[in-house]
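Contents: one structure, followed by commentary.
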Amino acid sequence: MNDADRDLLPEGLEDRLPAQAAAAQRAMRSILDSCDAHGYDRVSPPSIEFEKSLASRMAGVEPRRMFRFVDPASLRTLALRSDITPQVGRIAATSLASRPRPLRLCYAGQVVTIRGDGLDPARERLQLGAELIGSDTVAAAGEIVTLAIAAAQAAGATGLSVDFTLPDLVDTLAAGPLPLAPERVAAVRRELDAKDAGGLADVGGEAYAGLLYAAGPFAAAIDRLAAIDAGGALASRIRALKDIAARVPAGVRITLDPSERHGFEYQSWFGFTLYAEGVRGALGRGGTYRILGAADGSAGEPATGFSLYADPLVARLAAAEAPRDLLFLPLGHDVAAAARLRAIGWRTLAALGENDDAAALGCTHRLDGYDPVKL
């Protein structure tokens, strides 16, 4: 590496400069405080684990998205986490296995993937979230949706909307009221993902075309979903969605896309995506899932949770934030006065030499005797 490129960062990685770092810290504290207020205890798993552990706790986790390397101590394959949720599942299934259920846990930390996701080139992201372990009922889903909204709002997100989905809907219908040969299921999912009615007909999925039109604002979309003749198989799902929607706070827009699967690799019967005004892409996702048991893939525990990926929100908050007051302390200043002002919330910057320039250093005030004076 030559001098011209020695300070370049790898693609998809970036530094947080002071404004962004401060905004990220405040957002993280607000989200965790919101979770704590609702009875969720924080856990903090390590950033590196054995690959086998990270890949075996949730269905759909993709080891190929993880940075992997050999541990020189054990000679086993380690992985840098790409998602904290499986780690929380491991903690619940091992160290906290004897704790009463439902178990409420929250977390925050950086996750890293080998490549970015779609149009987002970022490979390192701040992930924050909460998991309600031991229940995937309608009540649990309702609690998690409202907590995700409250946490996002506490962090400064505005203009929120939530999009509901039913990740395993095709599998459920294919196994019963709208039968599909096993080899056709993947093709039908693909055409539903592409929102292609013609493609659905080509692969023998005409009966599923109604799912394409049962999308949009919740009230109208849920009626269109109810009109699909599925022999009553959708009735309980529709009741559940209505119950969850009833818990969403006023002012939050609700939409439905029953066949949406992007980002729902391990969710089961219910999933949701959270969006915010001025934030590119999804702010977060959540839903119901199962924590797999031992390495034999036993059924494990039901759970419900959400993850917020706060980086786009942090960028918006940092850009909109007004500069903070900063008090310049000249040489020979009154130390007790400075300590008193810090105790009531002032940030101070002490001169180190005669040539220190308060304005050039970004200060907004100067200590004059006992009191701040605006520059």
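Observations
- Of everything in region 198-220 that is within 30 Å of Val252 (Cα to Cα) and surrounded by fewer than 16 Cβ atoms within 10 Å (Cβ to Cβ), the residue that is modelled with the lowest pLDDT is Tyr213.
- Residues that are of a type outside the set (Val, Ile, Thr) and either closer than 19 Å to Pro323 by Cβ or part of a helix (DSSP H, G or I) (or both), drawn from region 334-349: Ala336, Ala337, Ala338, Ala339, Arg340, Leu341, Arg342, Ala343, Gly345, Trp346, Arg347, Leu349
- Within region 187-227, the set of residues being over 14 Å from Asp257 (Cβ atoms) and of a type in the set (Val, Ile, Thr) comprises Val188, Val203.
- Check on Ala148, buried (at least 20 other Cβ atoms within 10 Å of the Cβ), over 18 Å from Pro312 (Cα atoms) and touching a strand residue (DSSP E or B) at 6+ places or on another chain (Cβ under 6 Å): no
- The one condition from (1) part of a loop (DSSP other than H, G, I, E, B); (2) at pLDDT 90 or above that Met1 does not meet is (2).
- Count of region 14-45 residues which are in a loop (DSSP other than H, G, I, E, B), loosely packed, with under 14 Cβ neighbours inside 10 Å and under 18 Å from the mean Cα position of the chain (by Cα): 1
- All conditions but one from (1) over 30 Å from Leu256 (Cα atoms); (2) in a helix (DSSP H, G or I) apply to Leu317; the one that does not is (1).
- Test: Ala130 is at pLDDT 95 or above, in the same structural domain as Arg29 (by TED's automatic domain parsing), within 24 Å of Arg280 (Cβ to Cβ) and in contact with a Cys (Cβ under 6 Å, 6 or more places away or on another chain): yes
- Some residue of region 241-263 being among the hydrophobic types (A, V, I, L, M, F, W, C) and under 21 Å from Leu119 (Cβ atoms): no
- For Ile254, the conditions (1) assigned by TED's automatic domain parsing to the domain that holds Val188; (2) under 28 Å from the mean Cα position of the chain (by Cα); (3) not in a helix (DSSP H, G or I) all hold with the exception of (1).
- Qualifying residue in region 63-82 (condition: out of contact with any Pro (no Cβ under 6 Å at 6 or more places or on another chain), in the same structural domain as Asp136 (by TED's automatic domain parsing), under 25 Å from Ile144 (Cβ atoms) and of a type in the set (A, V, I, L, M)): no
- If the condition is being closer than 18 Å to Ile149 by Cα and either in contact with a Pro (Cβ under 8 Å, 6 or more places away or on another chain) or aromatic (Phe, Trp, Tyr) (or both), then region 226-255 contributes Arg253, Ile254, Thr255.
- Matching option when the condition is free of Cβ contacts under 8 Å to residues at least 60 places away in the same chain, part of a loop (DSSP other than H, G, I, E, B) and within 22 Å of Gly116 (Cβ to Cβ), among Ala359, Ala322, Ala282: Ala282
The values are calculated or read from the model by the stated rules, or taken from the named source; none is laboratory data. Since the structure is predicted, the reported quantities are computational estimates derived from the model, not experimental observations. Note: ideal-geometry Cβ built from the backbone for every residue, glycine included; neighbour counts use all protein chains shown.
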